[in-house]
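Written below as structure tokens is the structure these notes are about.
Quick note: the coordinates plus some simple rules give every number you see, no bench work behind them. None of the values given here were measured: they were computed from a predicted structure. No Cβ is skipped: glycine too gets one built from the backbone with ideal geometry, and neighbour counts run over all protein chains shown.
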Amino acid sequence: MCSINDRSRDIGEYIPAPDDDMVICRCEEVTKGEIRRAVHAGLFTITEIRRYLRAGMGLCQGQTCARLVKGIVAAELGSVPAELEPASSRAPMRPIEMEVFGNERIG
Amino acid sequence: MKRYDLIIVGAGPSGLSAAVEAAKRGMRVIVFDENDKPGGQLFKQIHKFFGSKEHRAKIRGFRIGEDLLKEAAEFGVKVVLNATVIGIYPQKEVTVRIEGVVEHYKGDAIIAASGASENMVTFDGWTLPGVIGAGAAQTMMNIHGVKPGRKILMLGSGNVGLVVSFQLMQCGCEVAALVDAAPRVGGYGVHAAKVARTGVPFYLSHTIVKAEGEDHVTGVTIAEVDDKFQFIPGTEKHFEVDTICLAVGLSPMSQLLKMAGCEMEDNPRRGGQVPVCDEKGRTSVAGIFAAGDVSGIEEASSAMIEGRIAGIAAAEYLGYMDSGESEQAIKEQEEALEGLRQGMFAPQNRGKHIETTDEGIQISESLLKKGYIGDDEIERYPGVRHTVGIHPVMECTQNIPCNPCQDACPKGCISIGQNITSLPIAVEGTECVGCGMCVASCSGQAIFLVDEQIEEGYASVTMPYEFLPLPETGTKGKGLGRDGSPVCDAEVIKVQTAKAFDQTHLLTIKVPEDMAMKARFFTF
Amino acid sequence: MAAEWGMIMEMRIEEHPILGVQEKGKEVIFFFNGQEIKGYEGEPIAAALKAAGVMVHRYTKKEHRPRGIFCAIGRCTDCVMVVDGIPNVRTCVTPLKKGMRVQTQDGVEAMKQAE
């Protein structure tokens, strides 16, 4: 486990910023402030942020915001995006209706 | 389960190129693409490509796309459209959504050529209708024939921002300004210069403060930023626009490869999360290859070569070629790729501020900050010479991999030499016949034919012109300087259109003698 | 000249200096919030709406903010609308058909006043 995920590390207090109400995840309408506060609440990984705030979990599945969220979390952790483990990749890779997803033709 | 020798994800430049090479060697190839048309972004590229002959330089992107489709059809490549690959599982099992069904396919090899997605930046109002990606603008205008807006502000001075700005003007939109937070233009100087000379102001070290409007964009405020990218109060500028176009880079769309278990790395020089690949496009999973933007952001020309390499490597992997044969085929492609990865915009130079050319000539600071070369700077480049009679003036001032002008001239007036990134030289002692082939062949629209004295007190300037309406002989208007400001009265004395010019018209204007080296565009 | 002309300027590109006259499908009528609009069969719904000057495709669920075309290639899902009664249809990649009923989406439903 890399040190970026070390929860005993002191990342300092959450300090409100003027652009905290900026929408980052366009689909689920999650703001920069919500993401920043979540990091200070102890959610250090992209996967945790996604589950907690639903950022990147909407219709587009993070197509637009993944990079932005990563940047915000990294900055809050005093790190760089490249150090952060990206969200897990799993099927379906694109939004798909349940009726189609359930309609598999394996043969 | 349907079985193929090779499954390719993405029918863009790299995917199709890979398919052709593999099919050529007798493989059964299937290509899936989620879009309803093949070609990826190639069909949105209406400008002439850079490079040399082997890279298909001076041919417009969409024509390269047409040729690639033809080639794929010839070799029996099966391209399935509206087919979204939604997963890659162990044993190279691929799930594809085709209409209302999730189909399972199995490939003995897989090439991921899924391309890239656009990066975005946030600012106050960035979710308003009217704020669009540069790719959206290209799709709307060049594929669907609808203008993305009436008056547009472009954010981003990389090649995408520059090329799309020019395309917006070509389809009849007005570009209010080109803005970039970086202190210097990121794309080719020649792309910047052709935008600047039409009168588009460049604002480097500026970014968007706010998109204005209730239900959609009605205006935008930009401001200067300091070296820490913080706004400098009091530097705000306002533009009334209905559209803000964002061209701030691309990220590899590599999630499928991650799911497939390929070792990944976050490599900022490649644009983000990419598979770890060798020079043949082989990932850490045997039989899975990556090519094109998914393995690192580059131009379409490089993507096509990477695709060919991956196609050959896949053929070798499955025994359709012996290794000696494939080594030879790959070597040829690698040399071509190497040719494109030279010069000051090469991947290894990304982010570097290069101050002089390979020839030791100072790069124009004005070009990097305002998008055009200063009148006092132009004389220092080897493509700019003064002789009696008509002669070419090459305003090509950076080491970029491109040399069609050298081949275009039947009289040997232009020389680039062996190294395709060298600046073009106006060769002494040669005689220009004024055929204009060099003007039309220059992908950067940086070559002009100048006759410094056609009659007492007057000179002529021949320039590339790709706008509508096309002026006629006798049309009177203004000559614009490199910065896009009117410098003199001008009259069109010749308009040339030829098949060999490929939609680039040659406009010859008559200007006062002292404007021969200053007037570079025409408006009426 | 630019300002007045701008007001009535057609959003359709009649003739392009490089691409010439682009091929279009058959002209068809469809309905945007009950209002008849002309478009070309097979082009994306979003292209037809853009040509008709429609900017707002939907209002978001949480903040009720307007959204329109953003990526135009089916990735961002910002341009989704209610099409023939089905919500969340990506209008930038859904081909237009004769008689389609396209409605501004509000959250995940058709907007109230939108028929």
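Quick one: grab the alpha carbon gyration tensor of region A:23-102, order the square roots of its eigenvalues as a ≥ b ≥ c, and give me rounded if a/c is under 1.5, else prolate or oblate depending on whether a/b is larger than b/c.
Details: a/c = 2.29, a/b = 1.82, b/c = 1.25.
Prolate, because a/c is 1.5 or more and a/b exceeds b/c.
For the pair B:D322/B:E214, report the inter-label distance in nm, with labels modelled 7 Å from Cα in the Cβ direction.
7.7
Determine the relative contact order of chain B: mean sequence separation of Cα pairs under 8 Å and six or more apart, normalised by residue count, in whole percent.
On the way: 1316 pairs, mean separation 73.5, N = 524.
So the answer I get is 14 percent.
May I ask you to derive the relative contact order of region B:437-524, considering only C-alpha pairs under 8 Å and at least 6 residues apart, and to give it as an integer percent?
Taking the mean separation of contacting Cα pairs over the length of region B:437-524, I get 34 percent.
Over what distance in Å are the Cα centres of region B:379-443 and region B:240-299 separated?
37
Given H placed 1.01 Å from N in the peptide plane, which residues other than close sequence neighbours of B:Q273 have an amide H under 5 Å from its amide H?
The answer is B:N267.
Report Rg/Rh for the protein assembly as shown, rounded to two decimals, where Rg is the Cα radius of gyration and Rh the Kirkwood radius. Mind showing how you got there, number by number?
Details: Rg = 26.1 Å, Rh = 27.1 Å.
For the protein assembly as shown, the value is 0.96.
Each label point is 7 Å from the Cα along the Cα-to-Cβ direction; what then is the distance between the points at B:H104 and B:D358, in nm?
Between B:H104 and B:D358, the label points sit 5.3 nm apart.
What lysines sit close enough to B:K352 to cross-link, taking a C-alpha to C-alpha distance under 20 Å and skipping anything fewer than 8 places away on the same chain?
In chain and number order, the partners are B:K228, B:K369, B:K370.
So what is log10(I(q)/I(0)) for chain B at q = 0.09, 0.10 1/Å, when the Debye sum runs over its Cα atoms only?
-0.68, -0.83
I need A:V39, A:V100, B:V101 ordered by Cβ neighbour count within 10 Å, fewest first. All intermediate terms of the calculation are to be shown ahead of the outcome.
On the way: A:V39 20, A:V100 16, B:V101 11.
With the sparsest Cβ surroundings first, the list reads B:V101, A:V100, A:V39.
With respect to the cross-link table entries B:K44/B:K280; B:K92/B:K258; B:K48/B:K499; B:K476/B:K510, which display a Cα-Cα separation exceeding 19 Å?
Details: B:K44/B:K280 28 Å; B:K92/B:K258 13 Å; B:K48/B:K499 14 Å; B:K476/B:K510 10 Å.
From B:K44/B:K280; B:K92/B:K258; B:K48/B:K499; B:K476/B:K510, over 19 Å: B:K44/B:K280.
What ranking of B:I373, B:I232, C:I37 emerges when the number of other C-beta atoms within 10 Å of each C-beta is taken as an exposure proxy, fewest first?
Details: B:I373 28, B:I232 12, C:I37 19.
If I rank by nearby Cβ atoms, fewest first, I get B:I232, C:I37, B:I373.
How would you rank B:K510, C:K97, C:K26, going from fewest to most other Cβ atoms within 10 Å of each one's own Cβ? Walk me through the numbers before you get to the answer.
Working: B:K510 22, C:K97 15, C:K26 9.
Ordered from fewest to most neighbouring Cβ atoms within 10 Å, B:K510, C:K97, C:K26 come out as C:K26, C:K97, B:K510.
How high is the relative contact order of chain A, given as a whole-number percent (alpha carbon pairs under 8 Å, six or more residues apart)? Before the final figure, lay out the partial values.
Numbers: 122 pairs, mean separation 26.3, N = 107.
Relative contact order for chain A comes out at 25 percent.
Could you compute Rg(Cα) / (2.2 N^0.38 Å) for chain C, with N its residue count?
Numbers: Rg = 14.7 Å, N = 115, 2.2 N^0.38 = 13.4 Å.
The value comes to 1.10.
Between C:R101 and B:T221, with labels modelled 7 Å along Cα→Cβ, what's the label distance in nm to one decimal, could you check?
Each label point lies 7 Å from its Cα, and together they span 4.4 nm.
What list of ³J(HN,Hα) values in whole Hz, one per residue of region B:335-348 in order, does the Karplus curve 6.51 cos²θ - 1.76 cosθ + 1.60 (θ = phi - 60°) give from phi, with Gly and Pro shown as x?
Per residue, the Karplus-derived 3J(HN,Hα) values read 5, 4, 5, 4, x, 7, 9, 10, x, 6, 9, 4, x, 6 Hz.
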